[in-house]
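Below is one structure; the comments refer to it alone.
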Amino acid sequence: MPDEVVLRRADSADALPAADVWLRSYAAAVPSVRCAHTAAEVRDWFTRVLVPHRETWVATSGSSVVGVMVLAGQELKQLYLDPAWRGRGLGDRFMGLAKQRQPAGLTLWTFQVNRPARRFYERHGFVEADRTDGARNDEREPDICYVWAPA
């Protein structure tokens, strides 16, 4: 089945394809937000930092990486889907996995302008905990901290 998707831990061979998903998704999701890093820097970050040192998961369809999620303890650091894979339930599957991996709760940050992401997180039980003017993020873009704390 060509659209069958498998969620699995990333390995070194997934670093560059996962970085490319991140780059495509970022450009599609927040076109008004300047990416603070070059494509080469993002690929290096996935290769040297995220895949080897963080709990990095990929969604694969056939031999293609179509989504990536990165956890750092209770923080959901990254959740990006290939734009062609949005609206197919893949984000829901990643969120279920994140909650399974961190059942005591999760935090995350998203840009204030990313309304679809905000709706997605709120639909999954996250509540706004803080807003900033963006001075502490690389993009200098106003952002929101969300928290999921199970009852």
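The values are calculated or read from the model by the stated rules, or taken from the named source; none is laboratory data. Note that the coordinates shown come from a computational prediction; the quantities given were computed from them, not determined experimentally. Here the Cβ positions follow ideal geometry from the backbone for every residue, glycine too, while neighbour counts run over all protein chains shown. Remember, those area values only see protein heavy atoms, side chains included, never the ligands or the DNA or RNA. Shrake-Rupley method; radii C 1.70, N 1.55, O 1.52, S 1.80 Å.
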Notebook entry, point to check: Rg (Å, one decimal) plus Dmax (Å, integer) for the alpha carbons of the chain?
Noted result: 14.7, 46
Checklist line | Solvent-accessible heavy-atom area per residue, rounded to whole Å², over the stretch 111-151 at 1.4 Å | finding: 61
Next item on the list: With a 10 Å radius around each residue's Cβ, average the other Cβ atoms per peptide and rank 61-71, 29-39, highest first.
Entry: 61-71, 29-39
Next item on the list: Place +1 on the Cβ of every Lys and Arg and -1 on the Cβ of every Asp and Glu in the chain, take the dipole about the Cα centre, and give the residue among 68, 32, 124 whose Cα lies farthest towards its positive end.
Entry: 124
Checklist line | Cα shape, the stretch 94-151, gyration tensor, a/c 1.5 rule | finding: prolate
Check: In the chain, what percent of the accessible surface is made up of carbon and sulfur (1.4 Å probe, ligands and nucleic acids excluded)?
Finding: 51
Check: Length gain on complete extension for the stretch residue 28 to residue 53, per 0.36 nm per residue less the alpha carbon to alpha carbon distance?
Finding: 6.3 nm
Item checked: Cα-based shape type of the stretch 31-87, given that a ≥ b ≥ c are square roots of the gyration tensor eigenvalues and the cut on a/c is 1.5 -> rounded
